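Trainee: Pasting a structure here, questions to come.
The values are calculated or read from the model by the stated rules, or taken from the named source; none is laboratory data. This is a predicted model, so every value here is computed, not measured. Every residue, glycine as well, gets a Cβ built from its backbone with ideal geometry; the counts of neighbours run over all protein chains shown. These area figures cover heavy atoms from the full protein model, side chains too; ligands, DNA and RNA do not enter into them. Shrake-Rupley method; radii C 1.70, N 1.55, O 1.52, S 1.80 Å.
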Amino acid sequence: YRKACGAGVFMACVNVGYLLHEGLGTRRDPAAAARWYEYGANAGDPVAMFNLGLCLRDGDGVRANRAAARKWLLKASRLGHTRAREALERLRMR
């Protein structure tokens, strides 16, 4: 996955982040997961944007930042990510 991510397959970045976030096949490292999600998000991947938004919302691996969470969830939502739209609505209700 890391090699594919480096070659521009940004969904692979999401997969690396997920494995690190959940500790699957490696030790759990939420901070590293958030960095991989950010890499994919900056490349335009809506799943990475969604996952990064959740990390920022919850302070999981990064310092909680509602404004940044809202930004990434909104971007993912605009790209058609349904769960991002739902998370954004829940964030607005808090």
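Trainee: Please report the net charge: other residues with Cβ closer than 10 Å to the Cβ of L56, K and R +1, D and E -1.
Mentor: +2
Trainee: Can you bin the chain into rounded, prolate or oblate? Criterion: square roots of the alpha carbon gyration tensor eigenvalues sorted a ≥ b ≥ c, rounded for a/c under 1.5, prolate for a/b above b/c, oblate for the rest.
Mentor: Note, shape of the chain comes out oblate.
Trainee: Looking only at Cβ-Cβ distances, which cysteines of the chain have no other cysteine closer than 4.7 Å?
Mentor: By the Cβ distance rule, which asks for a partner under 4.7 Å, the isolated cysteines are C55.
Trainee: Expected output is a single nm value to one decimal: the length gained when fully extending between V9 and D58, i.e. 0.36 nm times separation in residues minus the C-alpha distance. What is it?
Mentor: Working it through step by step, the gained length comes to 15.0 nm.
Trainee: With all protein chains present, how much of the accessible area of segment 17-94 (probe radius 1.4 Å) comes from carbon and sulfur, to the nearest whole percent?
Mentor: Of the solvent-accessible surface of segment 17-94, carbon and sulfur hold 49 percent.
Trainee: Something else about it: Between 0 and 90 degrees, rounded to the nearest ten: what's the tilt of helix 10-22 against the longest Cα principal axis of the chain?
Mentor: Tilt relative to the chain: about 90 degrees.
Trainee: How much length is gained on full extension from N65 to L79, taking 0.36 nm per residue of separation minus their Cα-Cα distance?
Mentor: Once the chain is fully extended between N65 and L79, it gains 2.9 nm.
Trainee: Report the relative contact order of the chain, percent, no decimals, based on alpha-carbon pairs under 8 angstrom and at least 6 residues apart.
Mentor: Once normalised by length, the contact order is 18 percent.
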